[in-house]
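Read through the structure below, which is laid out as structure tokens, and then see the notes.
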Amino acid sequence: MVVLSGFSGVNEAIKADFMQRLPGFHKSRCEGLALLSTLLLDGRSANLMELSAALPRDIGTKDHRYQYVSRVLANPHIDCAEIMQAYAGDVFTRLASNGETIVLMMDQSHINDGHEVLMISVRMRDRALPVAWRVRKTKGNIGFAVQKEVLDSMQDWVPEGADVLLTADRFYGTEKLIQPRFWIRRWRHQCTTRQNFFVVF
């Protein structure tokens, strides 16, 4: 058993794990993401001001520290799906190898007055781990096109032959979501619906 000592030990462990999973990833981007991950674990907060204040770096002002955090998170060369596949795919494989059903949960959450996030999480023991998401500028429900986009992006993450169950609440119990041609991946689904309707296979 490896015992990690202090902030730097955790940071180095995260960085090493990251590079093992994504060996071709850009080094400085890896270091930035590893550092922010360590700050999240250490401070237990996703507030950008708190993260920037906790940066163990020689950056002169609070504004400069905040800009560093913002640049890492907004870097267009960092592909969230590529990174999440390396981690979520590992979780899916472990669940499937243990004969467990991969239970995915789809939900929409309010971010601020103008933005909503559609989130896909996987059940891991008694927790829901976010694995894929899409943020849209809207004040209403995020529609089927985006739901399909995010679900399609996860197809290659699931091991062949794995048992998958997608769960969602009544906002997602639509004919489009459960139509057979959409479920060629053979996932099962469990959606609460607003009203009864017929599905013809």
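Every number in this text was worked out from the coordinates using simple rules, so none of it is lab data. Not measured: the values here are computed from a predicted model. Cβ: placed from backbone, ideal geometry, glycine included. Neighbour counts: every protein chain shown.
Counting Lys and Arg as +1 and Asp and Glu as -1 over every other residue whose Cβ lies under 13 Å from the Cβ of D113, the net charge comes to +1. For q values of 0.16 Å⁻¹, compute log₁₀ I(q)/I(0) with the Debye formula on a Cα-only model of region 58-161, without solvent. For region 58-161 at q = 0.16 Å⁻¹, log10 I(q)/I(0) is -0.84. Bridgeable aspartates and glutamates around K27 (alpha carbons under 19 Å apart, same-chain partners fewer than 8 residues away excluded): E12, D17, D79, E82. Peptide packing for 150-159, 132-141 was compared via the average number of neighbouring C-beta atoms within 10 Å per residue; ordered from the highest value, the list is 150-159, 132-141. Restricting the calculation to Cα atoms, every distinct pair contributes to the Kirkwood radius of region 6-74, found to be 12.3 Å.
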